[in-house]
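Q: Mind looking over this structure? Questions follow.
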2 protein chains.
Amino acid sequence: MTRAVTLTEVAREAGVSPSTVSRILNGTARVRDNKATQVRQAIEKLGYTPNTFARSLATGASGSVGVLTPDIASPFYNDALSGIEQGLMGSGYSPIIISGHWRTAEEEHAVELLLNRRVEGMIILGGQLPDHDLHALSARLPVGVLGRNIDLSRHGGVSLNMDNRQSARDLTNYLIGRGHRVIGHISGPSDHADARERLTGYREALEERGLKYDPTLVVQGDFQEPSGLIGMQRLLQQHSDLTAVFSANDQMAYGARLALYRLGLRVPDDMSLVGFDDLPGSTYATPPLSSVRQPMAEMGRWMAQFILARLRGETIEPFEPRQELMMRESVASRRGL
Amino acid sequence: MTRAVTLTEVAREAGVSPSTVSRILNGTARVRDNKATQVRQAIEKLGYTPNTFARSLATGASGSVGVLTPDIASPFYNDALSGIEQGLMGSGYSPIIISGHWRTAEEEHAVELLLNRRVEGMIILGGQLPDHDLHALSARLPVGVLGRNIDLSRHGGVSLNMDNRQSARDLTNYLIGRGHRVIGHISGPSDHADARERLTGYREALEERGLKYDPTLVVQGDFQEPSGLIGMQRLLQQHSDLTAVFSANDQMAYGARLALYRLGLRVPDDMSLVGFDDLPGSTYATPPLSSVRQPMAEMGRWMAQFILARLRGETIEPFEPRQELMMRESVASRRGL
DNA sequence: CTGTTAGCGCCTTCAT
DNA sequence: ATGAAGGCGCTAACAG
């Protein structure tokens, strides 16, 4: 692996000065055509690749925005990543993606790495970073947070989050409207804000409709499939009159679905089921799972544009994430209604 | 956003020379304790963040390895990404991930970007890059290719791919062994090497067992769910005696599963179904889908280690990807056997 | 152990 | 329109 070709070498090869090559590369100034041609040929011949580091050092601009995701393999956040990529495309900026693996220490380390790389803006997806860190970050550069409520407006940052409570309420109301009266809930971890809000929404919907909130109808999971499976089993043991279950996310709903399958219970005939998040897999679940869709890709795209705007000193129209109830085939009207 | 603090400023604040600060930062040499303390305090006070660009420029090492993935949101390749992250962890190297969106031009552009960023090695996941490009790349830096067969050994590169043909044969044999005689195949796009190999494996298994290969039992899909759904419908129309279907990937199997559900056909009672890839979702499908698992994460991890080894001028034990037949509940023994 | 001196590769005035 | 010169922030000899 030989040392990379430098701009100076290209200049020498083309018989011009380094500045000229630089100008041609960046279109900074008009250069006589024949020189430009010579230079291009030299570049081609030598296989020259500009060195980002040197350039960034000289210009003081890195042309990159940092993206912190909790998990590079999370189907949920990856839609947002796609959106961010899209939003950045053609802007001259490129994303630098790092995952924090849901560990605060790793996330802090990742942020540091991003800072070292002199990202000009940062997009944080969910994660565990203390609000304090986020505020501090936001004071240094444009920051956008996705999937989390935090007021960053003091330094011009934003956060985008769906209304978990409202969506959970809608979902629960949907079940109630279909005639269900004994509705279980498989919740997420209680130390998780989203999980708590979804539980609250569930409870509120029940109470608004005059149904008593029964804590034994709530079992706690951890947002992973196995906990959904176990949760469903537990609900079934305790409530033989159960007709519907609202799972706090799709993954747990898949687990719950499997529990039912194992017991020979049919969905939706014997049990209605709804999830939350509308993962890609839910459209092709058996049966297709009703859920509430978060427009992650759109949110990601908007976030990218937000950062770009701030970088240019412009502003951008605020984004109203519109959650969408995806009513599919996993819910039946209750018999005998 | 004020200009970032520099090492020189830290040095001034701490009353030492820049080199001393540098040495402390990198542990390059022993420094008297009290100075070290002063420097750390100065760093803390000023909120200093080392500039990766300047460092890389000076050392000539970027400390990063490029990763090209066809799609940042692909559940299949993302496992490999996780593996790569893991394999790199603690090595001082970090991955720079870019997606090529299955478009050759974009992929080439991405490679260029990576080269500009002076990645020291590169891992390519699948994709469309012509072999030619890969060879050229491999001559410049350590390259590993995942999910694709190409001989890069001349310049010390590697490619890791599972044996698609063998796995497809195993899968088909598995169905035959369970008594199935009329087995359909939903194939992938014919311009896709993996898809062709899987089809070949299917065909070979059939012929080895003395079953005639019937082209009308093969319908072509595009590796996406909808094409699986349509494929299954077509197979069903033409072959009323069909008892099993081998889908060239899990995603199409999900689609096929849905087609069956819609027709009221049960899996596995009325139809056995196997997929390929063993996506995370397959464990919790209804019923859990039999498939063949590619150890993507392990492959990714090994790839990372391979690159690291080459960077250090060491060698590493070759990796034998062991595909694993995941026999779950989507296959039944044929009645009346 | 620590300071001084050169660059690393590129961009950007400032002259010409 | 183009070249020369200085500097971006950091590291790595080289002297002490």
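The values are calculated or read from the model by the stated rules, or taken from the named source; none is laboratory data. Quantities reported herein were computed from a predicted structural model and do not represent experimental measurements. Positions of Cβ are generated from backbone atoms using ideal geometry, with glycine treated the same way; all protein chains shown enter the neighbour counts. Heads up: the accessible areas ignore ligands, DNA and RNA and are worked out on the full protein's heavy atoms, side chains in. Shrake-Rupley method; radii C 1.70, N 1.55, O 1.52, S 1.80 Å.
Q: For A:GLU108 and B:THR104, what is the calculated FRET efficiency with R₀ set at 35 Å and r taken between the beta-carbons, to the nearest 0.05? Don't jump to the answer; show the numbers that get you there.
A: Values: r = 38 Å, r/R0 = 1.10.
Given R0 = 35 Å and the Cβ-Cβ separation, E is 0.35.
Q: Chymotrypsin sites (Phe, Trp or Tyr not before Pro) within the stretch A:64-119: which are DSSP loop residues with at most 15 other Cβ atoms inside 10 Å? Intermediate values should be presented prior to the final figure.
A: Working: sites: A:PHE76, A:TYR77, A:TYR93, A:TRP102; in loops: A:TYR93, A:TRP102.
Here the sparse-neighbourhood loop sites are A:TRP102.
Q: Between the stretch B:47-119 and the stretch B:199-254, what's the alpha-carbon centroid distance in Å?
A: Each part's Cα centre sits 38 Å from the other's.
Q: Using only atoms on other chains, find how many Cβ atoms lie within 10 Å of each Cβ of peptide A:48-58 and report the average.
A: Details: counts 0, 8, 3, 8, 10, 13, 5, 3, 7, 8, 2.
The mean count of partner-chain Cβ atoms within 10 Å per residue comes to 6.
Q: Using a label point 7 angstrom from Cα along Cα-to-C-beta, what distances in nm, from shortest up, separate A:GLY60 from the other copies?
A: Here A:GLY60 shows inter-copy label distances of 3.0 nm.
Q: Still on this structure, please answer the following. Can you tell me the relative contact order of chain A? Whole percent, Cα pairs under 8 Å, sequence separation 6 or more.
A: Values: 621 pairs, mean separation 52.3, N = 337.
Computed value for chain A: 16 percent relative contact order.
Q: Which FRET efficiency value, to the nearest 0.05, is calculated for B:ALA58 and B:HIS192 with the Förster distance at 51 angstrom and r the Cβ-Cβ distance? Write down the numbers at each step before the final one.
A: Values: r = 45 Å, r/R0 = 0.88.
The calculated FRET efficiency here is 0.70.
Q: Would you list which lysines come within 20 Å of B:LYS35, measuring only between C-alpha atoms, while excluding same-chain residues fewer than 8 positions from it?
A: B:LYS45
Q: Normalised by the number of residues in the stretch B:164-293, what is the relative contact order in percent for Cα pairs under 8 Å and 6+ residues apart? Display every interim value, and only then the final one.
A: Details: 245 pairs, mean separation 31.0, N = 130.
Across the stretch B:164-293, relative contact order equals 24 percent.
Q: Put a label point 7 Å from Cα along the Cβ direction on A:GLU44, then list its distances to the equivalent points in the other copies in nm, shortest first.
A: Nearest first, the other copies' label points are 5.9 nm away.
Q: Mind listing the phi-derived Karplus ³J(HN,Hα) values for the stretch B:285-301, rounded to whole Hz, using 6.51, -1.76 and 1.60 with θ = phi - 60°, and x for any glycine or proline?
A: Listing the rounded values in order: 6, 10, x, x, 8, 6, 6, 10, 8, 9, x, 4, 4, 4, 4, x, 4 Hz.
Q: Let me have the relative contact order for the stretch B:1-148, percent, based on Cα pairs under 8 Å that are six or more residues apart. List each step's numbers first, then the result.
A: Values: 188 pairs, mean separation 29.7, N = 148.
That works out to 20 percent.
Q: Please compute the net charge surrounding A:GLY100, taking Lys and Arg as +1 and Asp and Glu as -1 over other residues with Cβ under 9 Å from its Cβ. Mind showing how you got there, number by number?
A: Working: positive: A:ARG103; negative: A:ASP71, A:GLU106, A:GLU107, A:GLU108.
Taking every Cβ under 9 Å from that of A:GLY100, the sum is -3.
Q: Under the rule of at least 5 residues apart or a separate chain, name every residue whose amide H is placed under 5 Å from the amide H of A:ILE96.
A: Hits under the 5 Å cutoff: A:VAL65, A:GLY66, A:VAL67.
Q: About its Cα centre, how strong a charge dipole does chain B have in debye, to the nearest 20, once Lys and Arg get +1 and Asp and Glu get -1 at the Cβ? The partial results should precede the final answer.
A: Details: 36 positive and 38 negative charges, 182 e Å.
Here chain B has a charge dipole of around 880 debye.
Q: Follow-up. Given a 1.4 angstrom probe, what's the average accessible area per residue across the protein assembly as shown, in square angstrom?
A: Roughly 45 Å² per residue, with all protein chains present.
Q: Springs between alpha-carbon atoms under 10 Å, Gaussian network over chain A: tell me which of A:LEU57, A:LEU229, A:LEU242 tops the mean-square fluctuations.
A: A:LEU57
Q: Right, next: Let me confirm one metric for peptide B:68-74, namely the mean number of other chain beta-carbon atoms within 10 Å of its residues' beta-carbons.
A: 5
Q: List the distances, in nm to one decimal, from the label point of B:ARG322 to the label points of the same position in every other copy, shortest first, placing each label point 7 Å from Cα along the Cα-to-Cβ direction.
A: 5.3
Q: Of all the stretches in chain B, which is the longest one without any exposed loop site, taking trypsin sites (Lys or Arg not before Pro) in a DSSP loop (any state but H, G, I, E, B) with at most 10 other Cβ atoms within 10 Å? Before the final figure, lay out the partial values.
A: Working: sites that count: B:ARG3, B:ARG30, B:ARG32, B:LYS212, B:ARG312, B:ARG335.
My reading of the result: B:33-211 is the longest stretch.
Q: To continue, here is another question. What number, rounded to the nearest 500 deg cm²/dmol, is the helix-based mean residue ellipticity at 222 nm of the protein assembly as shown, given -39500 (n - 2.57) per DSSP H run of at least four residues and division by all its residues? Kindly include the intermediate steps, with their values, before the conclusion.
A: Values: 24 runs with 298 residues, N = 674.
Mean residue ellipticity, 222 nm, calculated: -14000 deg cm²/dmol.
Q: If you place +1 on the Cβ of every Lys and Arg and -1 on the Cβ of every Asp and Glu, how big does the dipole about the Cα centre of the stretch B:77-229 come out, in debye to the nearest 20? Each step should come with its number before you reach the end.
A: On the way: 15 positive and 21 negative charges, 75 e Å.
About 360 debye.
Q: For an R0 of 25 angstrom, estimate the FRET efficiency from the Cβ-Cβ distance between B:LEU263 and A:LEU265 and round to the nearest 0.05. Display every interim value, and only then the final one.
A: Working: r = 21 Å, r/R0 = 0.84.
The value I calculate is 0.75.
Q: Sticking with this one: Could you pull out which residues in the stretch A:42-86 have an amide N less than 19 Å from a spot 7 Å beyond the Cα of B:PHE319, following the Cα-Cβ vector?
A: The answer is A:72-74, whose backbone nitrogens lie closer than 19 Å to the label point.
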